[in-house]
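Worksheet for the structure shown next.
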Amino acid sequence: MNDTSAYQPYAEAKWGLMNHWYPALFSAELAEDGGAGAPVVGVQIAGVPIVLRRVDGVAYALRDECLHRGVKLSLQPTCLTRSTLTCWYHGFTYDLADGRLSAIVVSPEDPLIGQVQLQSYPVVERNGLVFVFVGDADFGSPPPLESDLPPMVDAASRHWSPHLADDGAIVLGIRRRVASNWRLGCENGFDPGHIFIHRNTTLVRAQGWNMPLGLRPVGSAAVSWLEADDGPNGVGNEFGSDAYLPVAEHPELGLHSLGDATPAGSRTSMWMPCCLHVENFPQRGLAQFEFYVPVDDQTHESTGS
Ligand code: FES
Ligand SMILES: [Fe+2]
């Protein structure tokens, strides 16, 4: 990487990148108010504690840190009205929509009421995923969610595969806590060298894929930069091109690729702020979106769909 000035923000982003959309939860994890399941859910993204609550189908997100003594509201959810969230400690009560302090249980006439505001975060729910814009308090209006998702591919392209934001798309997945910095997740997902680990997986065996032991980049066309002023911004691997040589065997180590079928041509790309996109994987007509959501500097959530 020669352009150190462009690389620097990533190198310094131990805790993740602010002012981006992140998937916080799968929709099924955030029950309708009063329904079965947790009435509110607390998460942490890029070091920011966030509490989510769903009322009448709408998901709201506030900073999970009371303005009074800083406790997490999600530790002991206290939902006294349908439009507020109350701190369980001394009863500071915040408007769900904008975080404004609307009441204090222990001080009903307090002059602070209406004067201070807990930060609220924009939420967009798309096909079973709850995205939160984790922005600085003074950021202003967020960009559209699409600026932080892999772009949709034209239906005529050989790389077409369904997109999680497609109308009516069915998104299934899991969210797992991983004890590593988020950038290790991103770099592993994008690194073609890691396909060696897939060769004996049930998925590959069941498909009968002739998965190479590795894919060796040959030439600068192996990686392409995909940039736009208003996003999405990413970097891509063109596996099915001349820019990669498959490694079929390693005679000295007695290794060779398995199976007799050819895998559907897939392509991987990595998108700001943390999404790996694998087209036509695990089979043609499917797509994998894996988000390496930073929690803190040593932990991330791998949210794969
Ligand atoms: S800490 Fe929340 S009201 Fe006191
Ligand atoms: Fe992989």
Residue check, residue 215 against (1) touching a helix residue (DSSP H, G or I) at 6+ places or on another chain (Cβ under 6 Å); (2) under 15 Å from residue 281 (Cα atoms), all met but one. Which one?
-> (2)
Count of residues meeting criterion [within 12 Å of ligand 1 (Cβ to nearest atom) and in contact with a helix residue (DSSP H, G or I) (Cβ under 9 Å, 6 or more places away or on another chain)] in the range 93-140 = 2
Right, residue 277: open to solvent by 50 Å² or more (accessible area, probe 1.4 Å) and in contact (Cβ under 8 Å) with a residue 12 or more places away in the chain or not?
-> no
Inspect all residues belonging to the range 39-47 and state whether any of them is more than 16 Å from ligand 1 (Cβ to nearest atom) and among the polar types (S, T, N, Q).
-> yes
Output the number of the condition that residue 125 fails; it satisfies all remaining conditions of (1) surrounded by 16 or more Cβ atoms within 10 Å (Cβ to Cβ); (2) under 25 Å from residue 169 (Cα atoms); (3) more than 18 Å from the chain's Cα centre (by Cα).
-> (3)
Where a residue in the range 117-136 is farther than 24 Å from residue 166 by Cα and polar (S, T, N, Q) and its partner, wherever it lies, is open to solvent by less than 40 Å² (accessible area, probe 1.4 Å) and assigned to a loop (DSSP other than H, G, I, E, B), with Cβ under 9 Å and at least six apart = 117/99; 119/99; 119/135; 120/96; 120/99
Among residues of the range 155-187, those that are within 12 Å of ligand 2 (Cβ to nearest atom) and at pLDDT below 90, counted = 0
Could you please find all residues in the range 63-103 being in contact with a Leu (Cβ under 9 Å, 6 or more places away or on another chain) and basic (Lys, Arg)?
-> 63, 82, 100
Residue pairs within 6 Å by beta carbon, gap of at least six or interchain, first lying in the range 195-213 and acidic (Asp, Glu), second open to solvent by 80 Å² or more (accessible area, probe 1.4 Å) and within 16 Å of ligand 1 (Cβ to nearest atom), listed first then second, are none
Within the range 68-85, track down each residue that is closer than 21 Å to residue 123 by Cα and near ligand 1 (Cβ under 8 Å from one of its atoms).
-> 73
What number of residues within the range 164-187 satisfy the criterion of being assigned to a loop (DSSP other than H, G, I, E, B) and closer than 13 Å to residue 295 by Cβ?
-> 3
Residue pairs qualifying under the 6 Å Cβ cut-off, at least six apart or on distinct chains, with the first in the range 151-173 being of a type in the set (Val, Ile, Thr) and the second being part of a loop (DSSP other than H, G, I, E, B), are 153/159; 153/160; 171/127; 171/128; 171/164; 171/305
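The values are calculated or read from the model by the stated rules, or taken from the named source; none is laboratory data. Just so we're clear, the structure is a prediction, and the values are computed from it rather than from any experiment. Quick reminder, even Gly has a Cβ in these numbers, built from the backbone with ideal geometry, and neighbours come from all protein chains shown. We work out accessible area using only protein heavy atoms, side chains counted, and drop any ligands, DNA or RNA first. Shrake-Rupley method; radii C 1.70, N 1.55, O 1.52, S 1.80 Å.
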